[in-house]
There are 2 protein chains.
Amino acid sequence: MASQDQWKQGPWKRYCDFLCRVESLGLSVDISRMAFPKGFFAGRRAAMARAFRAMDRLERGAKANRSEKRRVGHFWLRAPHLAPKAEIRRAIEEAQARVREFAAGVHDGSIRPPDKARFTNLLVIGIGGSALGPQFVADALGQGAADRLHPHFVDNTDPDGIARTLAGIGDRLDETLCIVISKSGGTAETRNGMLHAKHVYGQRFRHHAVAITKEDSALDKLARDEHWLARFPMWDWVGGRFSETSAVGLLPAALQGIDVDAILAGAAACDEATRNHRLEENAAALLALMWYHATGGRGRKQMVVLPYKDRLLLFSRYLQQLVMESLGKERDLRGRVVRQGLSVYGNKGSTDQHAYVQQLRDGIDNFFVVFIRVLQSGGTSLFVEEGATSGDYLHGFLLGTRQALAENRRQSITITIPRVDARSIGALIGLFERAVGLYASLINVNAYDQPGVEAGKKAADAVLALQKEVVGALSDEPRTADGIAADLGADPETVFHLLEHLAANGRARLVRPGPPDVAAFTRT
Amino acid sequence: MASQDQWKQGPWKRYCDFLCRVESLGLSVDISRMAFPKGFFAGRRAAMARAFRAMDRLERGAKANRSEKRRVGHFWLRAPHLAPKAEIRRAIEEAQARVREFAAGVHDGSIRPPDKARFTNLLVIGIGGSALGPQFVADALGQGAADRLHPHFVDNTDPDGIARTLAGIGDRLDETLCIVISKSGGTAETRNGMLHAKHVYGQRFRHHAVAITKEDSALDKLARDEHWLARFPMWDWVGGRFSETSAVGLLPAALQGIDVDAILAGAAACDEATRNHRLEENAAALLALMWYHATGGRGRKQMVVLPYKDRLLLFSRYLQQLVMESLGKERDLRGRVVRQGLSVYGNKGSTDQHAYVQQLRDGIDNFFVVFIRVLQSGGTSLFVEEGATSGDYLHGFLLGTRQALAENRRQSITITIPRVDARSIGALIGLFERAVGLYASLINVNAYDQPGVEAGKKAADAVLALQKEVVGALSDEPRTADGIAADLGADPETVFHLLEHLAANGRARLVRPGPPDVAAFTRT
């Protein structure tokens, strides 16, 4: 072993110097294994001060979301007294009170399905910001058989996937509550999932259905007209990917039996601690600064999120949206083309050590790791050999991998939380929400819009419209994609793709197989 | 709409020219949306010819794995007649026959647990190459309640995660078969998982236990000495990440009720089709060439795998290991430092459109997409509006996103399969296994070793050894990490981490909270 003096000047000193502890949460952020140079903090201090001021303005209610001209208020969700207007404060408090009340009513059976004494299962239909947070929290904090309601999710417009979820509910559908979540109220995947649910519920659907959406959206009107069980609000000033502490996240969690007040308290405590303008004391600011250091402020490296804890498996999927949709922008706030972003992937340790740590340690150095270290092992404390539990192994693998990466000059951040509980999950959500906002300021992009997601939807609408024309153009005479496309003035490639798709699903017939310019189809 | 002439010279011609169809599988690979320049194929033809020859040598039994001096024979698993020695052929055929026979015996009740008529559940304990393939296949091809045995997985040394899996089995443990998979027979996570299983099974464990491992490994000896129900072989010449068509993948799948002969046939048909040296007709070669084009042969872009099908959600996790552990190497075959790799992430569409397609379309152009298009929608064909099913939407979103990316010059490959079935899954596995091997030749790295994974394990062993010393150094006097580290001649940071971990798990007591160089601990 090395002599004590060596450690005094080395990693230990750096660790002690740069460990940021949030005492109210027992949470810490360790940036000592990031290779930022001397003077890095000094150099970014002015930019960070601007980011803090921008965040302060946001929290005071400035309309920072320029492209959509709306406020950005997810931080008020866990501190309603900070909302800039009394009506916003009341709206938050009322929604939270209604979530608690509704969950209590479902739990005590005063809100119940027509033919059963209790709701026992929960079907959540949503996608993106209306699914990733609820799925992460349900998996992280679920208690299996002890859950008050057992959650199931439909997060896609895949009829086979929807059938699997419904089969998982099986004959308990008559005691299953169904929450449909869409901020805009017009998300196609969610609408389709709801229609599949209606198809199996039949007439009784409205007695099982709850909507979470903006007032007067298509979904809101439907729920009102059909007299659904309840409607909960979403607001302009909460982005989908920042909505986990709104009804979107709180209602499913409360129904499952998760302590949503502890989630809110954890997020609030993290917010409080990360409003600090002294950047060395601000865990969110340190994260943002490290992203800047690692990627040159240009997304040049990828963030590999590695929680050593099975329950945190879905955190990286949640972060993919929070980080990539917020930062992945073509233009900066001055309209210049910057093509920004920060790619995120990862599953869990030590499992991923056996998948790709080979590349992380030896291969291309295009990443930095964010380890998430959970102090309390949980489960059954089984000594697998003298003096060592399986949890000691898990912890040892984290430290060992962090060390093996550092030996090869691969960088990592380590976030430590005391245990996987509602308070810590709330804190992690708050921590990354703020880090994203601060980092967006550092690179001067708008973290709160998503102009690029419309293009794919519009192109898909065009495909679906073309499909109807293609169906109409089929006859009993064999026709090629070329021929139909010429008639319709359409792209033959898309026509060919549609013909293949229709034939595979019994709505066209492939009568002459062959390459795309040869294959011919008739109607069925 | 554009005039027909425009399409003739544009994307349609390119699509027809570059679509590679594997007719025996109904599979196609479309590289028309990759922006490789004219002359790219001509320029890589000689390198590709070398790669084909290297692959031919491998398949004929050359000891291509130089660092470990062993053969690489995963292709023989689905074509035993190609094995270079009769004893290898016999070993494969015998193992496959035993898998079929064992599964049939379990299904018909002739192999059964001591106190029940049938095994109904299956607990698979493994990690990395002993888990990712089985998990992917179980999820892709499982039939829910109709499964012959219901699979559960332990793939980590997380006591809480293990407890959750065991709780999911609940009181059906006495009808649960337990397969322990470790090629080396010495994987710590798997050993720990097995010990947790033994802990809950108690004395009856051996009547439920099956091992898949190399002959005479520690696991093999244990299973033999304890008279487990059965042992199945792994061989030196099958790498863990290439083992899905060995007993590792076949046994759990067969027990679940999946048609493993169709998996083998699909992989064999893909192998057959991709032995073709004419690269335009070789789907695996085209994938490898496109990786080369997209990344400059240096891993400069990431591969985003987007299957538009819920059942293929785990494919990207499987590919992370197959691709990154194979290609992520420090040195090339001549020993030069090259730091190679190809990063892989992705979940599923259209779900991921709502997570990060914003960044893919508008943000940093550091990726290429591999879309996986499944022709048959499956599930309940529900018309969600006139002329359009939810499956049409899924297909439309794929085409729309592909188009929206292309408009912004983001590149993509589209792999089409007819449906999610055992044959197509086998084909996808074979396709990527071969693409990885060919690409490794193109960049001159060894795809079949993993020298970098040992470092983390060694460092973890050192941490666990130190933990025992730290426990021994605790007393009733408050001690700091610094103090204990000085006594032990150890790194104070690791000592501090261990003290925090021990205190959180009731094996030390934090008596003076504070920063790392202040906090003091006693024994409990």
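Please find, among A:Gly296, A:Gly346, the residue that is at pLDDT 95 or above, of a type in the set (Gly, Ala, Ser) and touching a helix residue (DSSP H, G or I) at 6+ places or on another chain (Cβ under 6 Å). Walk me through it before giving the result.
Numbers: A:Gly296 fails: touching a helix residue (DSSP H, G or I) at 6+ places or on another chain (Cβ under 6 Å).
Among A:Gly296, A:Gly346, only A:Gly346 is at pLDDT 95 or above, of a type in the set (Gly, Ala, Ser) and touching a helix residue (DSSP H, G or I) at 6+ places or on another chain (Cβ under 6 Å).
Exactly one residue out of B:Arg14, B:Arg21 is free of Cβ contacts under 8 Å to residues at least 60 places away in the same chain, assigned by TED's automatic domain parsing to the domain that holds B:Leu333 and buried (at least 19 other Cβ atoms within 10 Å of the Cβ): that is B:Arg21.
Within region A:253-275, which residues are part of a loop (DSSP other than H, G, I, E, B) and surrounded by fewer than 22 Cβ atoms within 10 Å (Cβ to Cβ)? Outline the logic, then answer.
Within region A:253-275, the first condition is being part of a loop (DSSP other than H, G, I, E, B), and the residues that meet it are A:257-259, A:274-275.
Within region A:253-275, A:Gly257, A:Asp259, A:Arg275 meet the criteria.
Only one entry of A:Ser343, A:Ser350 meets the criterion of being under 23 Å from A:Tyr439 (Cβ atoms) and within 24 Å of the chain's Cα centre (by Cα), and that entry is A:Ser343.
Being part of a loop (DSSP other than H, G, I, E, B) and touching a Pro at 6+ places or on another chain (Cβ under 9 Å) is the filter; apply it to region B:99-137 and report the residue that is farthest from B:Val248 (Cα to Cα).
From region B:99-137, those part of a loop (DSSP other than H, G, I, E, B) are B:109-120, B:126-127, B:131; that's our starting set.
Within this subset, residues satisfying the condition of being touching a Pro at 6+ places or on another chain (Cβ under 9 Å) are B:119, B:126.
Values: B:Phe119: 19, B:Gly126: 9 Å.
For region B:99-137, the residue satisfying everything is B:Phe119.
Okay, residues lined up against (1) in contact with an Asp or Glu (Cβ under 9 Å, 6 or more places away or on another chain); (2) at pLDDT 95 or above; (3) under 30 Å from A:Thr351 (Cβ atoms):
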site: B:Pro80; (1), (2), (3): yes, yes, no
site: B:Arg90; (1), (2), (3): no, yes, no
site: B:Glu94; (1), (2), (3): no, yes, no
site: B:Arg98; (1), (2), (3): no, yes, yes
site: B:Phe102; (1), (2), (3): no, yes, yes
site: B:Leu132; (1), (2), (3): yes, yes, yes
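On inspection, B:Gly379 does not qualify as outside the structural domain of B:Arg241 (by TED's automatic domain parsing), under 30 Å from B:Ile258 (Cα atoms) and buried (at least 24 other Cβ atoms within 10 Å of the Cβ).
Pairs meeting the criteria (first residue in region A:172-185 and within 13 Å of A:Lys198 (Cα to Cα), second residue among the polar types (S, T, N, Q), beta carbons under 7 Å, at least 6 apart or on different chains) are A:Thr176/A:Asn121; A:Val180/A:Thr190. Test A:Leu289 against the criterion of being buried (at least 23 other Cβ atoms within 10 Å of the Cβ), in contact (Cβ under 8 Å) with a residue 60 or more places away in the chain and more than 18 Å from the chain's Cα centre (by Cα), and give yes or no. Taking the combined requirement at face value, the residue satisfies it.
Residue count for region B:300-317 satisfying the condition of being buried (at least 24 other Cβ atoms within 10 Å of the Cβ), touching a strand residue (DSSP E or B) at 6+ places or on another chain (Cβ under 6 Å) and among the charged types (D, E, K, R): 1.
For the criterion of being touching an Asp or Glu at 6+ places or on another chain (Cβ under 9 Å) and under 14 Å from B:Gln320 (Cβ atoms), A:Gly363 passes. Test B:Thr120 against the criterion of being polar (S, T, N, Q) and out of contact with any Asp or Glu (no Cβ under 7 Å at 6 or more places or on another chain), and give yes or no. When the stated conditions are applied, B:Thr120 does not pass them.
Taking first residues from region A:209-232 that are under 10 Å from A:Gly185 (Cα atoms) and partners that are part of a strand (DSSP E or B) and among the small types (Gly, Ala, Ser), the Cβ contacts under 6 Å between residues at least 6 apart in sequence or on separate chains come to A:Leu219/A:Ala211.
When A:Ile111, A:Ile181 are checked against the criterion of being surrounded by fewer than 20 Cβ atoms within 10 Å (Cβ to Cβ) and within 17 Å of A:Phe232 (Cα to Cα), A:Ile111 stands alone in meeting it. Of the set (1) more than 7 Å from chain A (Cβ to nearest Cβ); (2) of a type outside the set (Ser, Thr, Tyr); (3) part of a helix (DSSP H, G or I); (4) buried (at least 24 other Cβ atoms within 10 Å of the Cβ), all apply to B:Gln320 but (1). Within region B:336-360, which residues are outside any loop (DSSP other than H, G, I, E, B) and surrounded by 24 or more Cβ atoms within 10 Å (Cβ to Cβ)? Correct list: B:Val344, B:Tyr345, B:Thr351, B:Asp352, B:Gln353, B:His354, B:Val357, B:Gln358, B:Gln359, B:Leu360.
Could you list, in sequence order, the residues of region A:370-384 that are in contact (Cβ under 8 Å) with a residue 24 or more places away in the chain and either among the hydrophobic types (A, V, I, L, M, F, W, C) or in a strand (DSSP E or B) (or both)? Step through it out loud before you land on a result.
Pass one, region A:370-384, residues in contact (Cβ under 8 Å) with a residue 24 or more places away in the chain: A:370-376, A:378.
If the condition is that a residue be in contact (Cβ under 8 Å) with a residue 24 or more places away in the chain and either among the hydrophobic types (A, V, I, L, M, F, W, C) or in a strand (DSSP E or B) (or both), then A:Val370, A:Phe371, A:Ile372, A:Arg373, A:Val374, A:Leu375 are the ones that fit.
Candidates in region B:373-384 are the residues that are among the aliphatic types (A, V, I, L, M) and within 29 Å of the chain's Cα centre (by Cα); of these, the one that is nearest to the other protein chains (Cβ to nearest Cβ) is B:Leu375.
Selection within region B:323-335: residues that are among the small types (Gly, Ala, Ser) and more than 7 Å from every other protein chain (Cβ to nearest Cβ). The member of this set that is surrounded by the fewest Cβ atoms within 10 Å (Cβ to Cβ) is B:Gly335.
Take the residues in region B:193-219 that are surrounded by 15 or more Cβ atoms within 10 Å (Cβ to Cβ) and touching a Pro at 6+ places or on another chain (Cβ under 9 Å), then tell me which one is nearest to B:Leu250 (Cα to Cα). Per the stated criteria, the residue is B:Ile212. Here are some residues: A:Ala247, A:Ala230. Which one is of a type outside the set (Asp, Glu) and over 23 Å from the mean Cα position of the chain (by Cα)? Of A:Ala247, A:Ala230, the one residue that is of a type outside the set (Asp, Glu) and over 23 Å from the mean Cα position of the chain (by Cα) is A:Ala230.
The values are calculated or read from the model by the stated rules, or taken from the named source; none is laboratory data. Quick caveat, the model's predicted, so the values are computed rather than measured. So basically every Cβ, Gly included, is an ideal-geometry build from the backbone, and we count neighbours across all protein chains shown.
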